[in-house]
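Below: the structure, in structure tokens.
The values are calculated or read from the model by the stated rules, or taken from the named source; none is laboratory data. Please read these numbers as outputs of a predicted model, since none were measured by experiment. Quick reminder, even Gly has a Cβ in these numbers, built from the backbone with ideal geometry, and neighbours come from all protein chains shown.
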Amino acid sequence: MPMRMASTMQMLPPENPMGTAKISGLVLKTGLSLMISLLINSLYNFVDSVFVARISEKALTALSLAAPVQIIMEIVPKQVLLLFDASEEMLAIGVAALRIMAVSYLLSNVCLTFSSAFQGLGMGVQSMLLTLSRQVIMPVLLITDVSWFGE
């Protein structure tokens, strides 16, 4: 970043536009893209809930409980699978699968952290693009890629 020179020849950091720019300009520059980013995330969760609710009320309840149960399964996968009387073969497959899922959640959390950081720095467009890639583009690419293996 370029530095401003003070009259006494000391280096001053550049001004933060979040503290000096007009509010109306900031709302248009950052607020609109942030709203689109949040809308994408909300629509993703809403559509997921609508499709699950079509199955049954119990399925929607299961979706609500999925996150805490998934966290427990990632921490102690073998013990959770043993609750369901898993065979040795199922343990080998299930523990490996749950470990892979845990890594994917770590990557998702990195995306969420960067998205929040972008929002905090007034970089709403970058935050929106990251959310769009994580919630729309990557799943479509992965679904397309996985579907090729099924044929």
Practice prompt. Hey, could you check region 53-70 for residues that are over 20 Å from the mean Cα position of the chain (by Cα) and among the small types (Gly, Ala, Ser) and say which is surrounded by the fewest Cβ atoms within 10 Å (Cβ to Cβ)?
Written response: 56
Worksheet item: In region 59-151, which helices (runs of 4 or more DSSP H) lie fully inside it and hold 2 or more residues that are in contact with an Asp or Glu (Cβ under 9 Å, 6 or more places away or on another chain)?
Response: 88-120
Worksheet item: Considering only residues of region 28-52 that are of a type in the set (Val, Ile, Thr) and exposed (fewer than 13 other Cβ atoms within 10 Å of the Cβ), which is modelled with the lowest pLDDT?
Response: 47
Discussion item. If I filter region 82-98 for residues that are surrounded by 12 or more Cβ atoms within 10 Å (Cβ to Cβ), at pLDDT below 85 and in contact with a helix residue (DSSP H, G or I) (Cβ under 8 Å, 6 or more places away or on another chain), do I get at least one hit?
Written reply: yes
Fill in: Residue pairs meeting the criteria (Cβ under 6 Å; at least 6 apart or on separate chains; first in contact (Cβ under 8 Å) with a residue 12 or more places away in the chain, in region 45-72; second assigned to a helix (DSSP H, G or I))
63/52
Item to complete: Considering every residue within region 118-129, establish whether at least one is surrounded by 12 or more Cβ atoms within 10 Å (Cβ to Cβ), farther than 28 Å from residue 28 by Cβ and either of a type in the set (Phe, Trp, Tyr) or free of Cβ contacts under 8 Å to residues at least 60 places away in the same chain (or both).
Response: no
Response to the item:
Log entry, pairs with first residue in region 85-107 being without any contact (Cβ under 8 Å) to a residue 12 or more places away in the chain and over 14 Å from residue 73 (Cα atoms), second being among the hydrophobic types (A, V, I, L, M, F, W, C) and assigned to a helix (DSSP H, G or I), beta carbons closer than 7 Å, six or more apart or on different chains, reads 90/81
